[in-house]
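In what follows, a structure is listed as structure tokens, so that the remarks can point back to it.
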Amino acid sequence: EKLYGVTRWGGGYFEIGPNGNLHVTPDVSNDKMRIDFNDVIAEIKEEGIQFPVVLRFHDILRSQVALLNETFIKTIEEANYQGNYRGVYPVKVNQMREVVEEIVDAGEKYNYGLEAGSKAELLTVLAYNTNHDSLTILNGYKDEEFIRLSLLARKLGRKVVVVIEKFSELLMLIKWSKKLDIEPIIGLRSKMTVKGRGKWEGSAGDRAKFGLTITEIINAARLLEAEGLGHCFKLLHFHIGSQLTDIRAVKDAINEGAMIYAELHHLGFKLDYVDVGGGLGIDYDGSKSTNDSSMNYNIEEYVADVVFGMKEVCDLEKVPHPTLVSESGRAITAHHSCVVAEIVGEIRSNSATMDTSYLADEHILVTNMRLLVTAIDNQENLQEIFNDASQYKEQAAAAFKLRVISLEELAKIETLYWQIMESLQAKMQSQKFVPEDMQELDFSLSSQYLCNFSVFQSAADTWAIDQVLPIVPLTRMNERPNVNCSLVDITCDSDGKIDQFVLGKGISNVLPMHKLNKGEEYHLGMFLTGAYQDVMGDMHNLFGRLNEVHIFSHDDDPLDFYIEEVVTGSSVDDVLTIMQYHPKAMAQSVKKLIDGQIAKGTIKPREGVKWTDFYEDCLKGYTYLKT
Ligand code: PLP
């Protein structure tokens, strides 16, 4: 636990069990519930589902929806706040149908709604948010079709709020609402001066991509009034960025937003709602700090700052408390899914060795390197040995290119070099001061575990924005891990690697894992992937989507679970079709080639049929490695 910090980033859902396996408690209201990941892996194998697999715990989604709504309800009561809470889930954070359906179902009793930011998402929320008391918030840039669809939703009795991101959208909305004679509910998004903190702080400020300046807001409100639609302006929206790491940014934004709301009220625009956007963070590295992958607050503090912050300004300004809307997506979805993948190999720079015994005619560089091996035990100045060895290695590479040393001599020098580095690393363990150059030794001597997954499909943000995601072995956590590793994926891309891990209370470029036993299946879990990662994956190297397994807990047996649904991942056929290939035609053309070889007698007919079937089976098969 100290090493992997599971309870620090686990949000109350994950812990290491007494048997050393990772356990999940998907429904926090039932703390007797425990599902052992090893049992889940066994069941997946029994069902014949290939790894890597995305595990979805729908109970976690439900728990998070309840947690957010209940926290708002409780805080509103405590604060004697006169407005309500009407949250919406922004579908862009994870648009998977099963995820949206589960959230809508869990949120029904709270009148929890949906948010859309594109036309495709609008078409989705129109069909899925059928609760007339919940809100549907429409953000993002809009065209005429988007506006007409929003008016159709009004006709269907939905509380759909069109949030204006840029002035021209308002003109379109006024035009269509008059043409169709349908009254819209209008929100205006304010460009905030308060900047969020963290990777998404560009979402606010003068150069923000979305929103209206204060001048534009006043002009928009006056235009609506002049057009006889002033009463349709109901909501003020702001969003200062996702993953807000510092609670001070939340406080500042609420204060600024509340002031704008109050001033609009004084100007005669009596809004019903203030929408504080997303931003509620996730403590990916468990440090409870303002690190980019963390946050220095929890959900209760966030909600308290929204509710009490709004109340304070409203009371001072003597304006009614508006209904509060928030658009948290990351906080709702991050915990509910994880990727389980298998380690399929180990790569070490120093794994291969050569016989390095003395040869009378060997090059002096080989002799010098060998002398360093024996010098280590007697030499006080280890840095000098490190420097000399590094220099000989460089000289050897240059000498080889100039044909001065042979390939075999180069290999001997390499073997001796790694032998020296390993001895130096061992000696360093007892040293108080480790020189800067030599601090790299742990990393350069660490293993790379080859993991059957694609960073670009399953953990895009680790590559794109250095997001840290917790990664842990799912078993053997009661054994001291004895290999320091970084992870490499199976794409043909050197960027397909992970070398930032949550370790103890900090971040490390290696993760301690266990030596692989012969024939052992060693699975890793990559956690908190439910927000954005699940849906941002790309087709790099044509790996495509993973098999998905939806896990539900049993009400009557807290230690049991069942696989409710399996969503098959991409087959080779699927990914090729997306890329405009015609797999059937490809199979025919390969068959023709095989037939040609049969005609020439280089392949026997029986063998030819087998090769043809094999090619077709691979086309239908999973894109990841079969282990
Ligand atoms: N609302 C808007 C307008 C957004 O742009 C975003 C994401 O950046 C969200 C909500 C979701 O934010 P989060 O995932 O931080 O909850």
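Bear in mind these aren't lab numbers, they're just calculated from the coordinates by the rules spelled out. Bear in mind that the values here come from a model prediction, so they are computed numbers and not experimental data. So basically every Cβ, Gly included, is an ideal-geometry build from the backbone, and we count neighbours across all protein chains shown.
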Margin query: For Arg97, project a label point 7 Å along Cα to C-beta. Then give me every residue of segment 559-595 with its amide nitrogen under 16 Å of that point.
Written below: 565-570
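Could you calculate, for segment 49-204, the ratio of the Cα radius of gyration to the Kirkwood radius, expressed as Rg to Rh? Let's see the in-between values first.
Details: Rg = 17.4 Å, Rh = 17.2 Å.
For segment 49-204, the value is 1.01.
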Next item on the list: Set the Förster distance to 41 Å, then compute FRET efficiency between Ser351 and Glu46 from the Cβ-Cβ distance, nearest 0.05.
Entry: 0.75
Note to self: Let's test this: bin the Cα-Cα distances of segment 163-289 at 10 Å from zero up to the farthest pair and state each bin's percent.
What the structure shows: 13, 42, 28, 13, 4, 0
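Rank the residues Cys314, Cys485, Cys451 as a footprinting-exposure proxy: fewest other Cβ atoms within 10 Å of their Cβ go first.
Details: Cys314 21, Cys485 25, Cys451 29.
Ascending number of Cβ neighbours within 10 Å: Cys314, Cys485, Cys451.
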Check: Membrane-span-like helices in the chain: DSSP H runs reaching 30 Å or more (Cα, own axis), mean Kyte hydropathy at least -0.5?
Finding: 58-79, 407-428
Note to self: Per q in 0.25 Å⁻¹, report the Debye log10 I(q)/I(0) for segment 525-627, using one uniform scatterer on each alpha carbon and no solvent.
What the structure shows: -1.29
Notebook entry, point to check: Could you list, bin by bin from short to long, the percent of Cα-Cα pairs of the chain in 10 Å steps?
Noted result: 3, 14, 21, 20, 17, 13, 8, 4, 1, 0, 0
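Across segment 264-313, how large is the tail of the calculated P(r) beyond 12 Å, expressed as a percent of all Cα pairs?
On the way: 869 of 1225 pairs.
Distances greater than 12 Å cover 71 percent of the Cα pairs.
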Item checked: Amide hydrogen neighbours beyond the local backbone of Phe233, cut-off 5 Å, H modeled -> Ile186
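If the viscosity is 1.567 mPa s and the temperature 4 °C, what translational diffusion coefficient in µm²/s does Stokes-Einstein give for segment 364-443 when Rh comes from Kirkwood over Cα pairs?
Details: Rh = 13.0 Å.
Roughly 100 µm²/s, to the nearest whole number.
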Margin query: Once you place label points 7 Å from the Cα toward the Cβ at Lys592 and Ser29, how far apart are they in nm?
Written below: 6.3
Checklist line | For segment 432-576, alpha-carbon Rg over 2.2 N^0.38 Å | finding: 1.21
Note to self: I need the phi-derived Karplus couplings for segment 130-139: 6.51 cos²θ - 1.76 cosθ + 1.60, θ = phi - 60°, integer Hz, Gly and Pro marked x.
What the structure shows: 9, 7, 6, 8, 8, 8, 10, 9, 10, 9
Checklist line | Protection-proxy order for peptides 500-510, 474-484, each taking the mean of Cβ atoms within 10 Å per residue, highest first | finding: 500-510, 474-484
Next item on the list: DSSP loop (so not H, G, I, E, B), at most 12 other Cβ within 10 Å: list which trypsin sites (Lys or Arg not before Pro) in segment 167-269 pass both filters.
Entry: Arg207, Lys209
Next item on the list: Quick one: grab Rg to one decimal and Dmax as a whole number for segment 56-336, Cα atoms only, in Å.
Entry: 17.6, 55
Margin query: With θ taken as phi - 60° and the coefficients 6.51, -1.76 and 1.60, list the Karplus ³J(HN,Hα) couplings across segment 235-243 in order, rounded to whole Hz; mark glycine and proline as x.
Written below: 9, 10, 10, 8, 8, 9, x, 7, 6
Check: For segment 510-552, with equal point scatterers placed on the C-alpha atoms only and solvent neglected, what are the log10 I(q)/I(0) values from the Debye formula at q = 0.22, 0.32 1/Å, to two decimals?
Finding: -1.01, -1.19
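Taking the Cβ of each residue in His550, His23, His582 as the centre, tally the other Cβ atoms inside 10 Å and list the residues starting with the fewest.
On the way: His550 19, His23 22, His582 11.
Sorted ascending by nearby Cβ count, the order is His582, His550, His23.
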Notebook entry, point to check: Which trypsin sites (Lys or Arg not before Pro) from segment 308-373 combine a DSSP loop assignment with at most 11 other Cβ atoms within 10 Å?
Noted result: Lys318
Next item on the list: Tell me the label-point distance for the pair Lys166, Asp105, using the 7 Å Cα-to-Cβ offset, in nm and rounded to one decimal.
Entry: 4.0
Next item on the list: Find the centroid of the Cα atoms in segment 470-489 and in segment 1-56, then give the distance between the two in whole Å.
Entry: 15
Notebook entry, point to check: Which loop-located trypsin sites (Lys or Arg not before Pro) does segment 13-54 contain, where loop means any DSSP state but H, G, I, E or B and the Cβ has at most 11 other Cβ atoms within 10 Å?
Noted result: Lys32
Margin query: Would any residue of segment 430-444 have its amide N under 17 Å from a label point 7 Å out along Cα→Cβ of Arg480? List them or say none.
Written below: 430-431
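When DSSP assigns beta bridges and you keep just the ones with both residues in the chain, what percent turn out antiparallel, to the nearest 5? Could the numbers behind the result be given before it?
Values: 35 of 70 bridges.
So the antiparallel bridges in the chain amount to around 50 percent.
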Checklist line | Extent along principal axes [Cα atoms of segment 573-620; Å; largest to smallest] | finding: 37, 15, 10
Notebook entry, point to check: Ranked by Cβ crowding within 10 angstrom, fewest neighbours first, how are Phe308, Phe57, Phe72 ordered?
Noted result: Phe308, Phe72, Phe57
Next item on the list: With label points built 7 Å along Cα→Cβ from the Cα atoms of Glu300 and Arg606, find their separation and express it in nm.
Entry: 7.4
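Between Val567 and Leu407, what is 0.36 nm times their sequence separation minus the Cα-Cα distance? Round to one decimal in nm.
Details: separation 160, 0.36 × 160 = 57.60 nm, distance 5.11 nm.
Gain on extension, Val567 to Leu407, equals 52.5 nm.
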Check: Using modelled amide H (1.01 Å from N, peptide plane; none on Pro or chain starts), what sits under 5 Å from the amide H of Tyr522, excluding residues fewer than 5 places away?
Finding: Ile343
